[in-house]
Structures are given as structure tokens and as C-alpha cells.
Amino acid sequence: MTQGVVQDNKFNVEDTCLRGDFISTPKKMVAALGLAGKDGDPKTPLEWRFRDSNGMRWTVYDYKLMRHMRPEAIRTSSAPTVFNIGGEEESDPTEFREFLKTKLNPELLNLKTAAQRRADDLRMLAEMDRKANGDGCCSVNFVLKIAVFVAVIAAAVQLFVWPGIDLALDISRPMPTLTHPPLTCTHVPGPLGAEDMVVWDGTPLTSELDALRTFNHALPPRASDPAGSVTRWGIWAIEPPAVGSSTARGGNASGYTARKLELNGLPNGVGFHSHGLAVRGNTLFVVNHAMDGVYGDRIEEFALSRDSEGRVTLTFSRAHLGGADARFTTQMSGGINAVAPINDAGDFYATQWIPWNNPRDGYRRGLLAELKQISYILLGGALQIKRSRIWHCKGNNGECRPVGDRATVWNGIDLIPAAPGSDGLGRVVAVDMANRDLAVFSAQANGDLVLERRISVDGMIDNVRWVPELGRLWAGGMGNTKQCYFGWLGQHKDGKIEPRGGGGAPISGELCPGHAISVDVDAPDGDVRYEAVYSGERLAGVSAAVPISGSSSFAMGSFVDAGLVVCDRRKD
């Protein structure tokens with residue numbers, strides 16, 4: 001095809017127009033095409049003329065280099081230079097474009113057909129029209145759009161943000177005054193941040209969240225551990241005197257002690273940072289924020305038993321990572337809160353309290369990370385930002401899928417099993433923390449959750465536990481004072497909780513009085529559904545409370561405080 005292009009600098013190129021351009025050097029052009037042009041021509045000291053096999057005329061030229069270079073300097077220059085391509089308006093550039101590629105191998109060759117040039121012209125005209133009609137940076141329309149945007153933001157601030165900030169700063173709005181029967185209570189040293197509690201065979205068990213040092217501050221340095229070089233918090237048993245004897249089922253508040261349990265069989269190298277707990281039969285379910293550099297969140301199962309002395313023992317049996325895609329570890333690290341087992345196959349529900357993922361070797365740190373978490377929890381309810389989910393998971397690391405409604409912060413969860421012969425799985429009660437209520441769902445046979453009702457509890461509740469022998473739901477909560485979130489941050493030093501007194505005494509509950517309540521989930525609408533079990537300052541907030549089976553005592557823990565509290569309801 002290129003054989004038809006003829007170079008002849010005598011061709012008349014009048015009435016041609018600009019058709020394109022490319023980059024080359026004058027020296028390279030002269031070497032390939034020879035000298036051309038006229039000395040003294042102010043516009044084109046370098047110009048070459050051609051005719052293609054269709055008789056169409058073409059020209060290649062520099063433009064006004066003579067204004068700042070002498071002709072001899074131009075022709076020997078190795079500087080990259082833009083050369084224009086001229087041609088007849090409707091000529092097909094295909095043949096000449098191939099000629100230029102073969103002869104010159106230019107950079108950024110731009111030579112278009114008439115249709116392509118017209119399309120470019122139309123786009124340019126449209127852009128000019130758009131700017132002329134007000135979409136430019138300084139146009140009237142642009143200013144109007146900015147004004148509307150500012151007005152919308154101002155309205156949002158007035159309608160939502162200020163009420164949200166007011167709600168966040170006025171979390172001093174307490175629960176209504178709660179009164180409870182006379183109690184004899186004792187502080188029991190042991191876990192740091194006794195977050196969640198269950199009772200197995202009459203013995204309360206608690207997780208150890210240590211929230212001040214983990215969620216709000218740097219993790220302690222990793223320490224050597226018999227099961228691997230990872231940091232491990234524990235599971236603790238709250239035991240009365242003479243464990244294994246008859247007094248173990250009827251002890252009073254004064255004799256309880258807390259014992260950290262061995263995590264028998266937990267794989268080497270797996271970190272252990274316990275959050276939510278649940279029991280089904282002789283199996284303990286644990287939400288574990290492993291954060292060991294490999295795993296994020298895991299829901300683990302431990303077999304429960306007693307040793308020859310009647311003490312509770314734990315033996316690891318299996319871990320759930322959130323299905324085949326390890327969803328808990330890869331997408332929700334640090335975000336799973338509580339768990340509720342469904343059946344002996346290991347199916348369960350789990351709540352997600354924060355809708356983002358943390359690194360596998362620890363929680364995100366720094367002011368922005370803390371502001372993000374606090375702002376989401378405190379303002380999310382007021383702004384109705386609902387991203388937290390409840391997950392239904394099949395046993396043995398099977399499929400996990402979201403079910404039920406979204407919330408700002410789903411927290412504690414428990415299953416009230418269906419009566420024998422009933423359809424479905426029963427009812428699921430989940431804490432909508434930012435909304436200050438309990439959501440009661442009907443659990444369908446396939447695991448779906450259908451909302452039945454919401455029970456207002458007036459305060460910020462943490463964990464819930466169904467107590468079948470009482471037919472009521474027990475829950476721990478806090479007084480909703482701003483110190484619950486900000487005062488606690490002053491109760492640490494160098495990553496260690498500073499106790500109010502010596503010997504592992506709790507931090508000041510005056511910062512945020514704690515409450516334990518008992519809820520009647522079947523009370524008719526409009527009736528008072530909860531009553532106080534405890535209200536006071538022995539713990540800085542109560543995150544969980546459980547009655548101790550076979551006794552008149554109950555145990556309470558706080559996710560930020562040191563130790564736990566056991567109270568006796570018997571009259572002195």
C-alpha cells in the first residue's frame with residue numbers, strides 16, 4: 001500500500017488543512033526524507049510534500065521553529081519536535097498513515113479520518129456548550145449547586161447531626177431510677193473485663209475482654225505461652241468453696257473465687273481474646289478475637305467437663321471461621337460480638353457489632369480509629385446508620401449468611417428454644433444497643449429471623465441470657481452517662497487498669513453505675529417488662545449478669561472493670 005505514496009516537494013499543497021501531527025526529531029526527519037523547505041520561511045523551514053495512490057495531497061512540516069532557532073540548527077536538532085500533517089479535507093488517511101509508520105516510525109502519531117475529526121469537533125462543541133450553559137467551575141449553575149449542597153448539609157446538621165451530638169453528649173440521660181431487694185455483694189478478683197457470662201452445671205463462666213487495653217489502647221506485648229508465643233486472655237470459672245461438694249450448688253456470695261481455665265487442645269500459635277460466650281449441652285461457644293497475625297475472629301467450641309476434684313475443664317474441639325471464605329477472619333476481624341447456638345449440629349447465630357474489618361495482628365490504633373468507633377456507636381443510632389448484621393451459620397465451618405434486620409450495633413444475643421413439636425427454632429432476642437431496646441425475632445426453621453416486637457429497656461444494654469428455670473431474660477447494662485465512654489479512658493496508665501484500691505479492687509463505678517435487669521419478654525404491650533436485679537456502683541457498668549443455678553446468688557461482670565461481683569439475694 002505504501003508503494004503508492006510519492007514524495008515531491010514541488011506538489012502544490014494549497015487548500016490543504018491540518019489533519020494531524022506526530023513527534024519526531026528534525027535530524028531524524030532530514031535523514032529519512034532529505035532536506036526540504038525554504039530558508040527564510042518564518043513558518044516552515046522544514047516541509048515535505050507527498051501524493052498518495054488516490055492522488056490526494058499530503059504535507060509534513062514543523063511550525064515556526066525559525067522564531068527561536070537558525071535553519072542550520074533546526075535541521076541538525078535531536079530535540080523532540082511536533083510535526084504537523086496537512087492534507088485535503090476529505091482524503092482517506094489510511095495509506096499515508098501506514099507510509100509514515102514505515103518510513104519514520106514516529107511517536108504519538110495522530111492522523112484521523114474525516115468522520116473521526118467531526119466526532120471530535122462535536123465533542124468539543126458539546127463541551128463548550130456545557131461550559132457556556134453553566135457547568136463550569138465559576139458558572140452560575142455551579143454556584144447554585146454549591147449553594148444547594150450547603151443548604152442540604154445545613155439542614156442535615158440541624159435535623160440529624162445536632163440531635164445526634166446532643167444524644168451522644170447526653171448519654172448522661174440515665175435509666176429510670178431502679179430499686180432492687182436487699183443484697184449482700186462481694187467483689188471477686190480475677191479477670192480484666194469480664195464481658196459475657198454463662199452458667200454450666202451450676203458454675204458461672206466468664207470471658208475476659210479487657211476492653212480498655214484492647215479496643216481503646218494498644219495490646220499488651222506478646223508473651224511466651226505454653227501453647228505458643230501469642231497473647232492470651234482467658235475463660236474464668238466462678239467457684240464457691242469446696243468445689244464439687246454440695247456447697248457448690250448452694251454457696252453464698254462471700255465464698256466465691258475466680259479461676260482461669262486451661263485452654264486444653266487449642267492449636268499452637270492461635271491467639272485467644274474472648275468476647276461473647278454461649279453454652280449448649282456440654283459445649284461452650286466462644287467468640288475469639290485471635291489477632292495472632294494469621295486469624296482474625298473465630299467462633300470456637302470447647303467441650304465442658306469436670307476433673308476428679310469437681311473443677312470445670314475446657315478442651316478445644318473445633319473452630320468456625322465464617323464459612324469457606326473465612327468471612328470472620330477476612331472481613332469481620334474484631335467485629336463479631338456474641339453467639340447463640342441453635343442445635344447439636346453446631347449451627348448458631350452471631351452478632352456483628354462493628355461493620356468493618358481490623359488487621360489480623362491487632363485492632364486499629366490512633367485518634368482517628370477511636371473517633372470512628374465512638375462516633376459510629378454514639379451517633380449511628382441518632383442518624384439511623386444501620387450496617388451491623390446478625391449472621392446465621394451452619395455448623396462445622398459451614399455457610400454464614402445475614403438474617404433479620406440491620407442495626408447500628410447488634411450486641412448480645414440468645415435463643416429461646418421452641419417448645420417441643422412447635423414450628424421453627426423458637427425466638428431470638430438481640431440487643432439493639434444504640435436504639436436502647438431488645439429486638440425479639442421469630443426464628444424460622446431455615447434460620448431466617450422475622451421481627452416480632454421491640455422491648456424498650458430505656459438504657460444501653462450489653463449482653464442477654466435466657467434463664468429457662470425463671471422464664472425470664474437477664475441482661476447487664478450501664479447508666480448511660482458520658483463517663484461510661486470518656487471517663488473510663490482516664491482509668492488506665494501505661495496500658496494497665498488503675499484499680500480504685502489495692503489488691504485488684506474494681507475501678508470506680510461512680511463513673512458509670514451499672515445495672516442488671518430481668519426482662520419478661522412475654523408481657524403484654526404497654527406493661528412494664530423489666531425489673532431491677534441490681535443497680536449501683538460496685539462495677540463501672542455491667543456487661544453481663546447471670547443467676548447461679550441452685551443458689552440465691554448471681555454474678556455480674558464489666559467489660560472494662562477488674563474482677564467481678566457476686567451478690568446474694570437471701571435476706572440477712
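Taken together, the values in this text are just the output of simple stated rules run on the coordinates, not laboratory data. Because the structure is predicted, anything quoted here is derived from the model rather than measured. Cβ: placed from backbone, ideal geometry, glycine included. Neighbour counts: every protein chain shown.
Multiplying the sequence separation of Gln116 and Asn54 by 0.36 nm and subtracting their Cα-Cα distance, what value in nm do you get? Gain in length upon complete extension: 20.3 nm. Can you figure out the FRET efficiency of Val450 with Leu108, using R₀ = 45 Å and their beta-carbon distance, to the nearest 0.05? Given R0 = 45 Å and the Cβ-Cβ separation, E is 0.10.
Packing, taken as the mean count of other beta carbons within 10 Å per residue, orders the peptides 555-564, 273-282, 450-459 from highest to lowest as 555-564, 273-282, 450-459. When only alpha carbons are used to place a centre, the stretch 515-551 and the stretch 430-456 end up 18 Å from one another. The modelled label-to-label distance between Arg406 and Glu537, using points 7 Å beyond Cα along the C-beta direction, is 4.1 nm. For the pair Ala303 and Ala31 in one chain, pulling the backbone fully straight at 0.36 nm per residue adds 89.3 nm over the alpha carbon distance.
With a simple spin-label model that places each label point 7 Å from the Cα along the Cα-to-Cβ direction, the separation between Asn12 and Asp423 comes to 9.5 nm. With a/c under 1.5 counting as rounded, go ahead and sort the stretch 295-345 into rounded, prolate or oblate using the C-alpha gyration tensor (a ≥ b ≥ c being the square roots of the eigenvalues; past the cut-off, prolate if a/b is larger than b/c, else oblate). Because a/c hits 1.5 or more and a/b exceeds b/c, the stretch 295-345 counts as prolate.
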